[in-house]
Every structure is written in C-alpha cells, then in structure tokens.
Amino acid sequence: MFSTMQQLWQQGLNLLLPHRCPSCDANLPAAAHGGFCASCYGQLPWWNPSQLLPPKLPRALNSFQAPLLYAEPLRQPLLAFKFTDATHLAPVLARLLYPYLPAAPNTVLVPVPMHPSSLRQRTYNHAALLVQELSKLSGLPHDCLSLQRVRAGEAQHNQSRAGRLRLTRSSFACGPRLAGKTVVLIDDIFTTGATLGACAGALKAGGAAEVHGRTLAYTQP
Ligand SMILES: [Zn+2]
C-alpha cells in the first residue's frame, strides 16, 4: 500500500520540482496540454477504431474503450508510471482517460487489483492510482478493495493467448459490495483482454450489473 509518508514526500517533490513533460522531460508551465509539451501532445497516438479494429471482447465485459494506442510518446511515461515509481504521472495520465468514462447511474470505479505479494514488492498499484485520480475528476465513487487478486500471476508479456487465459482463470474474487452496480474497470493497457475479462467475470459473479472496461492504451498481441 502506498504509505502516507510516501504520498507526503511525493506532494513535497511536486511543489519543489518544476513540471516536466512526462515524455521528453522538457520544462513546462503547469497544466500545459494536459501535462505534456505541445510537441509530444501533438504526437500522442490517439486510437481511431476505424483504422485499428476494436478487439473481440471477453463475454463478461459490456464495453471497452481506450483513448490511445500503446506507442510513443505515451509508451515510456506509461512504463515509468507502472514500473519505476513515477507515481506523480497519475493525474496527467488520468486526464487522458477521464473523457472516456461512461455516464451511467450507480457507477463505481474499480482498478484491476494486484496480488498482495506483487503489491508488497512494487509498493503501489498503478491502476488504483489512476482510479483515485479519475474519482477526483469525475466525482464518481471508487472501490479499491472489493475486487481482489487471489492468485499471483506470472508476467504475461511473453505468454501466448492460451497461456494468458490459463493464468488469469480464477485469479480474481469479488466481495458483495458491488452487487447491482455499474462497474468501470480501470487498467493501463488492453492487450488480449484476458485480465479484464477475468476481472469482469469475478465482478459479475459478485453481482455487478454491468462491467465496462477502460484502459489508457490498446495494443494488439
Ligand atoms: Zn514533450
């Protein structure tokens, strides 16, 4: 769990350090182009589903959208955010995803959870940080506890589609608090949809009425 001391330290750093473009590291006036410099913002790889067709969705997922493709100049900041403690990028990245949240009554934002052993190692769940920022932007409630990863998964990037499906099957479980809710399930990247599909299956088994997947980026396996 991201500790209060770490959060205070990060907030202090944010005040002391000038704002920089998360992609090219240029110095920026605050809040320019959603947190990116004009050049990088202009090159962001927005996903046009008529050019790259949407994926076949897992059955438990009611809808899926992502604003961007997993390519530069988004790829490096996303890797830093996920793996190397660049947690200060959460507000910048959340602003890109915010316009894609569905507007439905009874909506709750839920992150794809990490297994407790992974969370201890990495100290934060990047998807939960996105959810917290999206909750601030939208005013929608969030729930980072009900959906749990109950089985540790191996790193998925080298797995075949069948391998990923096998790894994620029965990896997640959901408590009763989301029964009857419209859940917006948040993660960083959609590749095969196996993780989002397994989470959506657990949420539906826990009584969620609808599950809509939203990730920052889409990439084909
Ligand atoms: Zn830049």
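Rule-based calculations on the coordinates, nothing more; no lab input. In this text the structure is predicted, and so the values were computed from the model without any measurement. Positions of Cβ are backbone-derived with ideal geometry, glycine not excepted, and every protein chain shown enters the neighbour counts.
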Estimated dipole of the range 44-218 in Debye, rounded to 20 [Cβ of Lys and Arg +1, of Asp and Glu -1, Cα centre]: 480
Net charge of Cβ neighbours under 15 Å - reference Pro111; Lys, Arg +1; Asp, Glu -1: +3
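Between Gln51 and Leu79, what is 0.36 nm times their sequence separation minus the Cα-Cα distance? Round to one decimal in nm.
7.6 nm
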Distance between modelled label sites at Arg122 and Arg59, nm, 7 Å Cα→Cβ extension: 2.9
Hits among lysines - C-alpha to C-alpha of Lys181 under 18 Å, sequence gap 8 or more where chains match: Lys204
Amide H contacts of Phe172 (H built 1.01 Å from N, under 5 Å, at least 5 apart or other chain): Val150
Ratio of the Cα radius of gyration of the range 46-151 to 2.2 N^0.38 Å, where N counts its residues: 1.13
